[in-house]
């Protein structure tokens, strides 16, 4: 893992300007009347949590200043893109700074993460408030901050740009620190995780420590093709003798790859690498004063040396593979948040995702080493045409820091819980199934179409495969049995797909495809809420069941197949186990008794955002009772009731015209 762990002394050496005293007396007075973030105050609690890093001893010397108090002409972005390269400061977050290179590659992605048209210090409407966005566990979340930034003396002590008057990076770093609870929480991490948070996309890690030469050549060819469109980072996991200041567990940014020629016409391939420490750390043969530059004529060597900035150096291909252990590459994200495959160039324009959980004693079956593997959550993936498909499995810590809207805990308690919660070792396997009714034990005893070669502790893993049309069985698992956790299963495909959960009482037992492919018409949409001590009665196992919301509905005379879908609006927190029962209202019109047997049920309760069942109901009056399995669990929910209508297909001779581009109200008004 590319973790940056250094002593306080080495942090000071990185900056080279660590002051001996606190704030100087001739500093400008602080700005007044500007936004101050009460959720992330300018104090020690926002700097450190558990205090187990070298940052803690420096806290009493850190002051908080706004950009206009740090420099005369602050601005968000530099005029020259290369000046946006980040320098690390005294915080061990090289992994985050390297990931920010993804935003240099795509203006659209930069404006997704750092929304445009925010008032800055040069604007009349400047308030000192900024908004950043991060992709967290399946959706983009907004983080609001003030622009008070940690300083030592009169300078930023954490990240900053080559252009030190540009403040987009330190502001983004502050928002990311708030998301995690404090700056200290960023002390160590993985480039891949930060890239996912900044792009909402896919990331691959290429380890070449023991790779064959032909594999390395393939990676080089791929990197040359992707260098202008993808963020690429390289990491040192094991220090090697003679590697200068390359630190163990340190991440770097690959800023360019170029061909060069020696005096005798020999071709060379050089990697330009940036060290987030912001100073040269390479003593190799192609270092700034290395001997190998003499192999080139003066014009050629001057061309290469003129392109490096502070902290950058050139490494020849053979040296690169010798000194670095891995490369991390993010997939290109183009307009409309579509992700492009780095292997085929296909647009992965079809995306489906679904949340799930492993619950001890219920569905935490463990790996295929365990006889309980079939108990794991199971999902249908229907591929409608031959497609390039990426399947991702993202696990979430039981409690994440930096989510005050959803976790109402004392800040120190949040940090304690989060820091003691580590990811599980997880895996994912997929089988092709010829029909929807199948023998589970027989299927999983056969080799999967694809799957993880071993369970991994990565926060997000992904599989890439080419899938033929039809149904596929997906089973995510933890390595150990009875290991609990929440996960997000996400599928990105070049062709159309559908993803759904297989409940233990599989709602559709028919093999007739017409049941699914018929025309369904929504006849009723209901919204409700389970509230403690009011309407959260739990399942029929509990005497409080009658407290649950009860909704009437009618099945018309021209239909018998009814599809009922219950959706809980609980994406931020672990899913409740939900289900429902349908009761027939007696012919005399009296309200149905909940003590009678239901005529249709969606049980056992499932830890899923959504459960659905197709019911065969005679025309008449019914009531539906949605519930959580346990009483006193609060959540909003919605119910959609649809009927299958027998409509003849419409034969049309219309031709497809030009695609119409939408015109928004705002642009129309402009």
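A few points about this structure:
- Number of the condition not met by residue 230 [criteria: (1) assigned to a loop (DSSP other than H, G, I, E, B); (2) under 26 Å from the mean Cα position of the chain (by Cα); (3) not assigned by TED's automatic domain parsing to the domain that holds residue 318]: (3)
- Test: residue in region 422-438 that is surrounded by fewer than 16 Cβ atoms within 10 Å (Cβ to Cβ), out of contact with any strand residue (DSSP E or B) (no Cβ under 8 Å at 6 or more places or on another chain) and more than 15 Å from residue 378 (Cα to Cα): yes
- All of (1) assigned to a strand (DSSP E or B); (2) buried (at least 21 other Cβ atoms within 10 Å of the Cβ); (3) not assigned by TED's automatic domain parsing to the domain that holds residue 474 hold for residue 269 with one exception: (2).
- Among the numbered conditions (1) assigned to a helix (DSSP H, G or I); (2) touching a helix residue (DSSP H, G or I) at 6+ places or on another chain (Cβ under 6 Å); (3) farther than 19 Å from residue 94 by Cβ, the only one that residue 198 does not meet is (3).
- Odd one out for residue 198, checked against (1) assigned by TED's automatic domain parsing to the domain that holds residue 80; (2) closer than 28 Å to residue 342 by Cβ: (1)
- Residue within region 277-284 that is more than 20 Å from residue 221 (Cα to Cα), crowded, with 18+ Cβ neighbours inside 10 Å and more than 35 Å from the chain's Cα centre (by Cα) present: yes
- Of all residues making up region 312-346, the number that are part of a loop (DSSP other than H, G, I, E, B) and either in contact (Cβ under 8 Å) with a residue 60 or more places away in the chain or on the phi < 0 side of the Ramachandran plot (or both): 11
- When we screen 508, 519 for residues that are under 30 Å from residue 386 (Cβ atoms), touching a helix residue (DSSP H, G or I) at 6+ places or on another chain (Cβ under 9 Å) and at pLDDT below 80, the only hit is 508.
- Among the residues of region 311-331, the one identified as farther than 18 Å from residue 233 by Cβ and touching a strand residue (DSSP E or B) at 6+ places or on another chain (Cβ under 8 Å) is 316.
- Odd one out for residue 558, checked against (1) assigned by TED's automatic domain parsing to the domain that holds residue 359; (2) at pLDDT below 90: (1)
- Within this structure, residue 133 passes the test of being touching a strand residue (DSSP E or B) at 6+ places or on another chain (Cβ under 8 Å) and under 24 Å from residue 340 (Cα atoms).
- For residue 323, the criteria (1) closer than 17 Å to residue 221 by Cβ; (2) more than 16 Å from the chain's Cα centre (by Cα) hold in every case but one, which is (1).
The values are calculated or read from the model by the stated rules, or taken from the named source; none is laboratory data. What you see is a predicted model, and the numbers here were worked out from it, not measured in a lab. Virtual Cβ from ideal backbone geometry, glycine too; neighbours counted across all protein chains shown.
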